[in-house]
Every structure is written in C-alpha cells, then in structure tokens.
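Chemist: Quick one: this structure, given as structure tokens, is what I'll be asking you about.
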Amino acid sequence: DKLRAAIRDPQALHAVAKKGHERLLANFTWDIVGRKTEEVIWQSCGSSGSRGNGTMHCHKVAIVSNAYPPNAIGGAEIAVHQEAKLLQEQGLQVVIFAGELNNEGGRHCVREDSYEGISVRRVCLHSRDYSADFFNFYHGDVHRHFEDFLDANAPDVVHFHNLAGLSVSLIRAARRRGIRTFLTLHDHWAFCLKNTLLKHGTDVCRDHTRCADCLPFVSGGRWQNVPVSMRSSYLSYQLAAVDNFISPSRYLADAYSRAGIAKERIEVIDNPLKLEDFREVPRTEDPRIRFSFVGYLGAHKGVQTVVQALSLLNGHGPELLLNIVGDGGKRGMLEQQVEKLALGH
C-alpha cells in the first residue's frame with residue numbers, strides 16, 4: 001500500500017526522498033558510524049581503555065575476518081577494511097588476521113603483506129574450509145597460526161567478523177590471554193549452517209534448533225559423520241566468551257537474541273555508506289520511478305522476487321525502472337529471467 005501511494009503521488013515521493021537523505025546524513029556516514037564503533041572499542045577496553053585527557057591506553061586492535069581485500073567475497077570484507085582504515089586514522093594501531101581463498105595454494109599456509117598501509121597476515125584456505133558440509137567452524141592449524149599472531153602483536157582488543165572457514169576457537173584463544181573481544185554479526189552463520197535461514201528453495205527456517213533437517217552430519221579430515229548438533233553447541237560455547245557484539249540491524253540483533261544471546265550484549269550500529277562514491281552519479285530528469293538494488297547477487301538476497309514483481313506491474317500504472325548493481329552466483333539466472341520476462345527496457 002505504501003509503494004502504491006508513493007508511485008501515485010510524485011510530490012509525496014520527493015518528500016520521502018528528502019527525509020531519507022536527511023536520515024542518511026544523520027546516521028549512516030562513515031564519520032558517524034566510525035565514532036560509534038570507536039566508542040564500543042573503548043567500552044570493550046573497560047576503564048583501562050578510557051582516553052582520559054587525550055591519552056589512549058587501548059592502542060592496538062586486531063581485526064579478524066575470513067576474507068580481506070583485495071580478495072573480497074562480499075560486502076562484509078569491504079566494511080572490515082573501511083573500519084580498519086578509519087581506526088588507523090583515529091590513531092589506533094591496526095593489524096589484520098584473515099583467510100584467503102586459494103585452492104592452488106598450500107592449505108593453511110601463512111603469508112604476510114600489507115594492503116593500503118595496513119599489515120595483514122593471511123591464511124590460505126580451500127573451498128572445503130568454507131563449506132557448510134565440512135568442518136568450517138574449527139581448524140587446528142588456523143588456531144595455532146592465530147596464537148602465534150597474538151603472541152607477535154599483543155593486541156589490546158580483537159574485533160572478530162566472519163569466522164566461517166577460519167576457526168571459531170580463535171575467540172577463546174584471545175580470551176585466555178586476557179584480551180578484550182567483540183564480534184560483528186554479519187549474517188545468521190552462528191546459528192544457521194547455511195547463513196541464510198533458507199531450508200529448501202525459498203522455505204524459511206523458523207526454528208534454529210532444527211539444523212539436522214538440512215544437514216544431519218558434518219565431516220572433515222579424520223572427523224566423519226559428526227552430528228550437526230555438535231556444531232551448534234561448540235559455537236554457543238565459543239560465543240559465550242565474546243565481551244560485546246555488534247549488529248548492523250535491529251532485525252539481526254533480535255534474531256541472535258532469540259538464538260540465546262542476551263540483548264544487552266548486542267550493540268546495534270548501522271552499516272555506513274561512503275558518500276563520495278556516489279557524488280559523480282548524474283541526476284536525471286527521467287520521469288520514471290527508480291528502484292535500485294546494490295549488493296551480492298545470491299539467491300538469499302531475493303532479487304529474483306523483485307524482478308518477478310516488476311513483471312506483474314509491467315504495463316499497469318506508472319513506468320518503473322529497476323537498477324540491479326552487483327555480481328554473484330545468480331547473476332546469469334537474473335539476466336535470463338529479465339530476458340524471459342521481456343523487461344530489458
């Protein structure tokens with residue numbers, strides 16, 4: 001009903017757009033989100049992390065992610081790098097421990113480099129390390145590399161992001177050294193082995209305790225046919241060692257709260273936008289109402305549903321334009337869908 005009202009009233013649509021732009025500038029720039037993220041770091045440091053009279057006692061942050069630019073899998077890795085740069089600009093020393101997908105390289109071997117001035121230790125991961133069908137939540141070699149990384153860098157805080165493919169045991173490795181830990185929740189991975197809550201086709205899972213409906217057992221190396229309930233228990237045990245969680249949305253925070261993480265342990269901080277990336281986009285006098293999707297083109301994003309909806313509106317009501325910006329496993333299918341539905345215009 002709101003969409004119908006919007007496309008029938010251009011004046012109201014402009015008012016909504018103006019309101020959205022004001023909200024963007026007030027809440028979603030990197031400066032604003034950066035300050036919020038920095039504040040969580042100080043809180044995570046406790047009293048020793050207080051800046052006091054401009055003195056920073058919490059001076060080194062380690063950031064952990066299962067991928068890192070220039071080898072990004074999705075938007076999470078780009079956000080991780082932007083965070084790292086921003087914290088470095090704030091005067092913190094930042095080091096990165098990251099996975100690197102390379103099926104041709106020696107599995108779990110380590111190399112070091114730097115990316116845009118930030119030191120990165122990369123662990124070679126194979127496709128099966130990331131796969132939900134295998135043990136993508138624990139790898140002993142990766143754990144030992146991370147312990148060496150902690151000993152060499154001695155960070156005050158470790159900020160974990162996506163851990164699938166690395167090892168969720170890294171959390172307690174940091175905790176045992178008395179290092180403060182926090183983790184940003186990017187998807188449903190900690191309680192859904194598929195990340196997406198999709199069971200079969202478009203059926204949405206409503207019960208996070210029924211993982212065995214999708215995959216009863218996981219295997220990997222000498223571990224064969226281990227009940228998937230072990231994964232759930234192990235992740236729950238490791239997450240209990242996290243000091244603070246960050247969620248990019250209230251929706252995801254609520255989902256994790258239902259899965260057993262206390263609400264007061266989760267801070268909601270929106271994902272930011274780098275506005276300068278859009279300043280060169282020309283404004284047009286195109287009278288069509290425009291919708292845009294920007295992101296990874298995976299089945300769980302639902303872009304195919306938007307295209308299908310557009311076909312139902314084709315020829316009925318005002319003319320619409322849909323921009324799809326991104327890449328991913330379903331790009332070819334979406335292109336075929338657009339062609340089949342004659343929506344190329």
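The values are calculated or read from the model by the stated rules, or taken from the named source; none is laboratory data. Note that the structure is predicted; figures quoted are calculated from it, not measured. Cβ placement follows ideal geometry from the backbone for every residue including glycine, while neighbour counts extend to all protein chains displayed. These accessible areas exclude ligands, DNA and RNA; they are computed on the full protein's heavy atoms, side chains included. Shrake-Rupley method; radii C 1.70, N 1.55, O 1.52, S 1.80 Å.
Chemist: If the only charges are +1 at each Lys and Arg Cβ and -1 at each Asp and Glu Cβ, what is the size of the charge dipole of the stretch 237-345 around the Cα centre, to the nearest 20 debye?
Modeler: Charge dipole, the stretch 237-345, about its Cα centre: 300 debye, nearest 20.
Chemist: Sticking with this structure for a sec: Please get the size of the charge dipole for the stretch 87-184, origin at its Cα centre, with Cβ charges of +1 on Lys and Arg and -1 on Asp and Glu, quoted in debye to the nearest 20.
Modeler: 420
Chemist: Within the chain, what percent of beta bridges assigned by DSSP are antiparallel, to the nearest 5?
Modeler: In the chain, DSSP labels about 25 percent of beta bridges as antiparallel.
Chemist: Pairwise over distinct Cα atoms, reciprocal of the mean inverse distance: report the Kirkwood radius of the stretch 134-188 in Å, one decimal place.
Modeler: Across the stretch 134-188, the inverse of the average 1/r is 11.6 Å.
Chemist: Points 7 angstrom from Cα along the Cβ direction at Arg210 and Leu13: gap in nanometres?
Modeler: Reported label-point gap for Arg210 and Leu13 is 4.1 nm.
Chemist: Could you rank the peptides 99-111, 60-72 by their average count of other C-beta atoms within 10 Å per residue, with the highest value first?
Modeler: Answer by packing, highest mean first, reads 60-72, 99-111.
Chemist: Sticking with this one: Per the helix-only calculation at 222 nm, which mean residue ellipticity applies to the chain, given -39500 (n - 2.57) for every DSSP H run of n ≥ 4 and division by its residues, nearest 500 deg cm²/dmol?
Modeler: For the chain, the value works out to -10500 deg cm²/dmol.
Chemist: Follow-up. What is the packing order of peptides 22-33, 310-321, 129-140, 81-92, taking the mean over residues of other C-beta atoms within 10 Å and listing the highest first?
Modeler: Answer by packing, highest mean first, reads 129-140, 81-92, 22-33, 310-321.
Chemist: Then there's this: What does the chain give for Rg and for Dmax, in Å, if only its C-alpha atoms count?
Modeler: Calculated on Cα positions, Rg and Dmax stand at 22.0, 65 Å.
Chemist: A follow-up question, please. Take His300 and Phe217, extend 7 Å from each Cα along the Cα→Cβ direction, and tell me the distance between the two endpoints in nm.
Modeler: According to this spin-label approximation, the distance is 2.5 nm.
Chemist: Continuing with the same structure: Along the charge dipole of the stretch 209-273, which of Ser236, Ala262, Cys214 sits closest to the positive end, that is, farthest toward it, with unit charges on the beta carbon of Lys, Arg, Asp and Glu (+1, +1, -1, -1)?
Modeler: Going by the Cα projections, it comes out as Cys214.
Chemist: Against the empirical 2.2 N^0.38 Å scaling, what ratio does the C-alpha Rg of the stretch 215-281 come to?
Modeler: Ratio of Cα Rg to 2.2 N^0.38 Å: 1.65.
Chemist: Pop out the Kirkwood hydrodynamic radius of the stretch 247-316 from its pairwise C-alpha distances, inverse of mean 1/r, in Å to one decimal.
Modeler: Numbers: mean 1/r = 0.0621 Å⁻¹.
By the Kirkwood definition, the hydrodynamic radius is 16.1 Å.
Chemist: With all protein chains present, how much of the accessible area of the stretch 145-234 (probe radius 1.4 Å) comes from carbon and sulfur, to the nearest whole percent?
Modeler: Values: 2100 of 4210 Å².
Carbon and sulfur together cover 50 percent of it.
Chemist: Another one. So what is the accessible area of the chain per residue, in Å², with the probe set to 1.4 Å?
Modeler: In whole numbers, the chain has 55 Å² accessible per residue.
Chemist: Another question about this same structure. In nm, what is the difference between 0.36 nm times the number of residues separating Thr196 and Leu25 and their Cα-Cα distance?
Modeler: Full extension of this stretch gives 58.6 nm more.
Chemist: In addition: Lys/Arg Cβ at +1, Asp/Glu Cβ at -1, dipole of the chain taken about the Cα centre: which of Phe160, Leu197, Leu86 is farthest positive-ward?
Modeler: Leu197
Chemist: Could you sort 154-166, 242-254 so that the peptide with the highest average Cβ count within 10 Å comes first and the rest follow in order?
Modeler: Packing order, densest peptide first, comes out as 154-166, 242-254.
Chemist: In nanometres, what is the gap between the two model label sites at Lys36 and Arg4, each 7 Å from Cα along Cα-to-Cβ?
Modeler: Roughly 3.4 nm, to one decimal.
Chemist: Here is a further query. Quick one: length gained pulling Phe293 to Ser257 fully straight, 0.36 nm per residue minus the C-alpha distance?
Modeler: Separation in residues times 0.36 nm, less the Cα-Cα distance, equals 10.1 nm.
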